[in-house]
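Presented below is the structure to which this report refers.
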Amino acid sequence: MSTPMHAAITPGRTAVITGGASGIGLAAAVRFASLGLNVVIADLDTAALRAAAGRISEAGPGEVLTVQTDVSRKEDVERLKDKAWQAFGGVAVLMNNAGIGNGGGPFENYEGWQRVLATNLWGVINGVHTFVPAMIAQGTPAAVINTGSKQGITTPPGDTAYNVSKAGVKVVTEGLQHVLRNTPGCLVSAHLLVPGWVHTGLTA
């Protein structure tokens, strides 16, 4: 884990991205950094986190914090939230992006189903449960971005477990936005990112 040289304690200037060491998460982190935000990236691979932190630091003036995190474990996500608040005083953008594939068909690879749902769906649920109440309490504009997939909408044959996980992310995001929209004084919004085919480590 890298530690910021100084704490920029402005909730409106910090983005947290899970799965932030590669692929869509890293691209988003670089973009957020270029806009002047502090960036917190979470991932399992510590070497990948270190390499990503270097790229993100080159993209903008903000601080970069890396936190090794297994999003399927709520205690890990709670630790991620605590470190983000300790370093920066709050979060303006939460991007629940961590994801894996190779789940399985309707009646095959039961352990693969468990892994994919634990990361892709429960990772988002853990992020929402852990971060969003605190983001609402900040009283500042903030956004939650959940990475879904067109496969969660079109549900093509193949990796049924992955399709189910991403369909679940869509439903969670829609339910979250409904609640946020109807919470008095709430300045937090929820958004579903629906990528098409992207060449990342997951597709490889």
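The values are calculated or read from the model by the stated rules, or taken from the named source; none is laboratory data. Since the model is a prediction, treat every value here as computed from it, not as a measurement. Every residue, glycine among them, receives a Cβ derived from its backbone with ideal geometry; neighbour counts consider all protein chains shown. For the accessible areas, the whole protein counts, side chains as well, though only heavy atoms, and no ligand, DNA or RNA atoms are used. Shrake-Rupley method; radii C 1.70, N 1.55, O 1.52, S 1.80 Å.
Roughly speaking, to the nearest percent, how much of the chain's 1.4 Å accessible area is carbon and sulfur?
The value for the chain is 58 percent carbon and sulfur by accessible area.
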Amide H of residue 98 versus every other amide H placed in the peptide plane: which residues, excluding those fewer than 5 positions away on the same chain, fall under 5 Å?
18, 19
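For the chain, give the magnitude of the charge dipole about the Cα centre (Cβ charges: +1 Lys/Arg, -1 Asp/Glu; no others), in debye to the nearest 20.
It works out to roughly 380 debye.
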Lysine pair number, Cα distance threshold 26 Å (strictly under), the chain, separation 8 or more or different chains
7
Given a Förster distance of 25 Å, the FRET efficiency implied by the Cβ-Cβ spacing of residue 181 and residue 153, rounded to the nearest 0.05, works out to 0.70
Pairs of Cα atoms under 8 Å, at least six residues apart: use those to get the relative contact order of the chain, whole percent.
21 percent
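Beta carbons within 10 angstrom, averaged per residue: use that to sort the peptides 31-38, 17-24, 72-79, highest first.
17-24, 31-38, 72-79
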Probe 1.4 Å, heavy atoms of protein chains only: per residue, the accessible area of segment 76-181 in Å² is 44 Å²
Expected sort for 138-151, 90-103, 179-192 on mean C-beta neighbours within 10 Å, highest first, is 90-103, 138-151, 179-192
Cα-centred dipole magnitude for segment 104-204, charges only on beta-carbon of K, R (+1) and D, E (-1), debye, nearest 20:
220 debye
Can you compute the FRET efficiency between residue 50 and residue 137 using 1/(1 + (r/R0)^6), with r the Cβ-Cβ distance and R0 = 41 Å? Round to the nearest 0.05.
0.80
